[in-house]
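One structure below.
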Amino acid sequence: MPTNEPSPRKKAGNGEDSIYWDSSKNRYIGAISLGYGPNGKRRRSKVSGKTKTEVRSKLRKLRSELVEGVRTSPKNTVEDVVNSWLTRGLRGREESSIKVYRSLAANHVVPDLGKAKVHELSPDEVDEWLTAKSDELSHESLKRVRSILRRSLAQAQREGKVSRNVAEFVELPHGQEGRPSKSLSLEEAQAVLQARQGTWIHAYVVLALLVGVRTEEERPLTWSHVHIDPEGDERPYVDVWRSVRKKGETKTQKSRRSLTMPHYAAVVLAKHRQRQLEECAARGEEWSDHRFVFAHSDGSQRSSTNVLRALRSLLKAAGFAAPERWTTRELRTSFVSLLSDHGTPIEVIARLVGHNGTATTETVYRKQIRPVITDGAEAMDEIFKA
């Protein structure tokens with residue numbers, strides 16, 4: 001009498017794949033023998049399907065992945081690999097940077113692609129996603145969003161969870177224009193330098209505007225890197241050797257630089273240091289050159305938000321109608337703009353701000369044991385005559 005039951009399971013030879021019917025799951029099961037583990041137990045990888053043809057196809061794919069050292073899983077989603085990268089791929093980064101990446105992942109990557117199976121994600125799907133995002137995100141944010149997906153898949157690829165990184169095959173579309181940077185005019189800069197004199201934020205602004213130090217370089221700056229010796233022959237200068245990164249390395253090799261301070265900046269920093277010395281003495285605290293130059297009263301480092309809030313308060317005191325439209329990084333763009341308007345060559349400005357460049361003068365300075373770049377200080381002394 002004919003029956004619709006699957007044929008009896010055939011025992012596979014050693015090293016062969018086997019396919020059998022599992023009545024409890026109502027599916028065909030395919031298994032590959034992977035030898036034996038350290039505990040002596042047999043190791044096997046399994047797939048399942050409604051038909052033998054489907055199972056054979058899955059077994060062929062599994063065999064191919066094993067040869068390449070990859071083992072994809074239908075359970076691995078984009079959300080899984082992104083969360084894994086956010087947990088393990090951002091070690092050593094500043095908390096503020098981690099917060100930005102987590103926010104972009106939570107708002108743009110996971111909601112749109114999170115449920116997709118990693119092994120099924122295609123370049124076309126990534127391309128369509130980025131194209132849609134280009135209508136709402138700035139170009140910089142779009143680059144970061146793609147970077148999150150690309151680096152998450154790269155980590156999964158290293159771990160053998162996916163055979164290729166589809167984000168590598170997609171060209172980045174151009175996103176929306178970000179908020180354009182502004183620069184202070186000479187008149188505005190002069191007004192800023194007159195506001196809130198004798199305060200830490202005034203000294204902070206002076207160093208950023210007249211020396212071109214990045215805000216992420218200024219906040220961790222300590223007095224051991226500020227060289228002001230009124231009785232010495234050497235001109236006052238500041239070592240810009242630290243950045244926002246936890247290990248303290250600068251953004252690029254050329255970001256590691258020493259810059260002479262113009263006379264006005266040196267005077268302001270000297271007075272600021274004297275105020276801190278007096279405050280320490282009044283509290284009975286011992287002075288240390290490792291103290292932050294722009295520290296809170298308890299000696300801790302200020303946050304970028306705290307500096308921004310203080311800057312806008314200073315701009316309001318300087319008579320700015322809309323101080324909320326300005327950011328701390330625009331002190332640095334103003335530094336570049338003021339020097340350029342004064343006729344300082346762009347190659348010199350590039351060296352001062354630590355940008356990558358190939359100017360011959362940069363090579364000459366790098367041959368010195370301690371290159372102290374004086375051009376900016378001399379120009380600023382002329383622009384803001386004491």
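The values are calculated or read from the model by the stated rules, or taken from the named source; none is laboratory data. The model shown is predicted, which means the values in this text are computed figures rather than measured ones. Don't worry about glycine lacking a Cβ; one is built from the backbone with ideal geometry, like all the others, and counts go over all protein chains shown.
Of all the numbered requirements in (1) at pLDDT below 90; (2) under 30 Å from the mean Cα position of the chain (by Cα), residue 313 misses one, and that requirement is (1).
Of all residues in region 132-145, which are under 13 Å from residue 176 (Cβ atoms) and assigned to a helix (DSSP H, G or I)? Those that are under 13 Å from residue 176 (Cβ atoms) and assigned to a helix (DSSP H, G or I): 132, 133, 139, 140, 141, 142, 143, 145.
Residues that are part of a loop (DSSP other than H, G, I, E, B) and at pLDDT 80 or above were ranked within region 16-43; the one that is surrounded by the fewest Cβ atoms within 10 Å (Cβ to Cβ) is 24. Within region 107-129, count every residue that is closer than 13 Å to residue 144 by Cβ and among the hydrophobic types (A, V, I, L, M, F, W, C). Total satisfying the criteria: 1. For region 122-170, residues that are out of contact with any strand residue (DSSP E or B) (no Cβ under 9 Å at 6 or more places or on another chain), farther than 17 Å from residue 76 by Cβ and either crowded, with 19+ Cβ neighbours inside 10 Å or not aromatic (Phe, Trp, Tyr) (or both) total 17.
Using the structure shown, decide if residue 73 is outside the structural domain of residue 130 (by TED's automatic domain parsing) and either part of a loop (DSSP other than H, G, I, E, B) or modelled with pLDDT under 65 (or both). Against the criterion (outside the structural domain of residue 130 (by TED's automatic domain parsing) and either part of a loop (DSSP other than H, G, I, E, B) or modelled with pLDDT under 65 (or both)), residue 73 qualifies. The residues in region 185-223 that are under 14 Å from residue 331 (Cβ atoms) and under 27 Å from the mean Cα position of the chain (by Cα) can be counted, and the count is 17. Kindly indicate whether residue 116 is at pLDDT 90 or above and under 25 Å from the mean Cα position of the chain (by Cα). The answer is no for residue 116.
Which of the residues belonging to region 94-106 are charged (D, E, K, R) and within 14 Å of residue 145 (Cα to Cα)?
99, 102
Filtering region 76-98 to residues that are charged (D, E, K, R) and at pLDDT 85 or above leaves 79, 80, 88. When you go through 235, 257, 242 one by one, which is the residue that is modelled with pLDDT under 65, touching a strand residue (DSSP E or B) at 6+ places or on another chain (Cβ under 9 Å) and among the charged types (D, E, K, R)? It is 242. The residue pairs whose first member lies in region 129-141 and is acidic (Asp, Glu), whose second member is in a loop (DSSP other than H, G, I, E, B), and whose beta carbons are closer than 8 Å, counting only pairs six or more residues apart or on different chains, are 140/175; 140/178.
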